[in-house]
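These notes concern the structure reproduced below.
The values are calculated or read from the model by the stated rules, or taken from the named source; none is laboratory data. Quantities reported herein were computed from a predicted structural model and do not represent experimental measurements. Cβ: placed from backbone, ideal geometry, glycine included. Neighbour counts: every protein chain shown.
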Amino acid sequence: MFSRSIRFCWRFMTPASRTRMPGMGRVSAPTVNSSVVGRFSDGSMALKAGLPDAKIVAVAPWWGDSTHPSVLDSIGSAIKDGVTAAGGTYLDIDDPLVGHSDWMANAADPNDKGYQAIAESLEPKLQPLLSQ
């Protein structure tokens, strides 16, 4: 399921922005073109139509252990608008990896400590949604 989510989100980035996906390393900040907001909304609506009983949850974009590029604010807004338009939930959770280079396996991927930190930051927010 995670790989499907990555592929789904991948379609909403311009080719020039596809620089920070797992295993690809950190090259530059992503870019947002004018159709991104509409594409997130359309994609979220398509998910809801295809999986009407599913709970759709999106998480604020993260950038790993380094300072976030400002464009992530625009990407987060597009994700939030799209998922909430489809009746989903947007979790604005701070990136747990920022400042923890020892939690990174490489420039793009967390190591076991990093994944543990991610799980610990997500669980308290996801648990109430799963019990609804």
Scan the range 93-132 for residues that are assigned to a helix (DSSP H, G or I), over 17 Å from the mean Cα position of the chain (by Cα) and small (Gly, Ala, Ser) and jot them down.
Ser101
Identify all residues within the range 89-110 that are surrounded by 15 or more Cβ atoms within 10 Å (Cβ to Cβ) and of a type in the set (S, T, N, Q); write none if there are none.
Thr89
For the range 73-88, indicate whether the set of residues that are modelled with pLDDT under 85 and surrounded by fewer than 17 Cβ atoms within 10 Å (Cβ to Cβ) is non-empty.
yes
Does at least one position in the range 119-128 carry a residue that is touching a helix residue (DSSP H, G or I) at 6+ places or on another chain (Cβ under 8 Å) and either surrounded by 13 or more Cβ atoms within 10 Å (Cβ to Cβ) or touching a residue at least 12 places away in the same chain (Cβ under 8 Å) (or both)?
no
Enumeration of residues in the range 77-122 that are of a type in the set (A, V, I, L, M) and under 10 Å from Gly64 (Cβ atoms):
Leu97, Val98, Met104, Ala107, Ala108
Quick one: what pairs do we get from the range 53-70, first residue of a type in the set (A, V, I, L, M, F, W, C), second not in a loop (DSSP other than H, G, I, E, B), C-beta under 6 Å, 6+ apart or different chains?
Ile56/Leu47; Ile56/Val83; Val57/Thr89; Ala58/Ile79; Ala58/Val83; Ala58/Tyr90; Val59/Leu91; Ala60/Gly76
Any residue in the range 73-96 that is under 15 Å from Ile56 (Cα atoms) sitting within a Cβ distance under 6 Å of a residue that is among the basic types (Lys, Arg) and part of a helix (DSSP H, G or I)? List the pairs, counting only those 6 or more apart or interchain.
Ala86/Lys48; Tyr90/Lys80; Leu91/Lys125
